[in-house]
Structure formats: C-alpha cells, structure tokens
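The values are calculated or read from the model by the stated rules, or taken from the named source; none is laboratory data. All figures in this text were calculated on a predicted structure; none of them were measured in a lab. Every residue, glycine as well, gets a Cβ built from its backbone with ideal geometry; the counts of neighbours run over all protein chains shown.
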Amino acid sequence: MRLRDKVAIVTGASRGIGRAIAAALAAEGARVLVNYHASPEAAEQVVAGITSAGGQAAARQADVGDYAQAEALVKFAIQHGLTPLN
C-alpha cells in the first residue's frame, strides 16, 4: 500500500475517470474524499465501493471552479479526519 497515511481529494470522482482514480488511490491505501458536482447518488456508490473493499472514503459536493467551495472542500477533509495528521 504505497499511499498508506496519505489523503486524496479527487474532483469529479462520481463517474468516469475520476471514479476510477478514486478507486485506484483507495486500493493503494489513500483515504479518499470523493468530490462531485451534481451526482450525490453516484458519489455515494463510489464511497460504498471503497469502504466495502476496506478503504476509507467520504463524499462531498463542491464546484471546485469556485474558490470558496474548493476551500470548503479541503476544510471538510481536515474536519472529518481525512488528513494524515490524525
């Protein structure tokens, strides 16, 4: 597990390439924050897949093109123990 004790925030992780990246990072041991813009159900499916495989993940909506929302996304990761400092 090369990414043990690391955190990944994957934008657009509810589908396509982002979903595959989130799963791959989790498989390598990273704790993953699954970011989505408009697909909460799909994001929760990604989280469920990661956690059922023994990984750690959470989902959070944010438009990362908006600075305040991107900043809130990072703060969410910190507040919910998704950082390697915990």
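Observations on the model:
- Hits in segment 22-50 - residues which are over 16 Å from Ala77 (Cβ atoms) and in contact with a strand residue (DSSP E or B) (Cβ under 6 Å, 6 or more places away or on another chain): Glu44
- One residue from Ala26, Ala38, Ala8, Ala20 being surrounded by 24 or more Cβ atoms within 10 Å (Cβ to Cβ) and among the hydrophobic types (A, V, I, L, M, F, W, C): Ala26
- Close pairs (8 angstrom Cβ cut-off, 6 or more residues apart or separate chains): at positive phi in segment 2-22, not hydrophobic (A, V, I, L, M, F, W, C) anywhere: Asp5/Gly29; Asp5/Pro84; Gly12/Gly18; Gly12/Asn35; Gly12/Tyr36; Gly12/His37
- Here Gln45 meets each of (1) assigned to a helix (DSSP H, G or I); (2) among the polar types (S, T, N, Q); (3) at pLDDT below 95 with one exception, condition (3).
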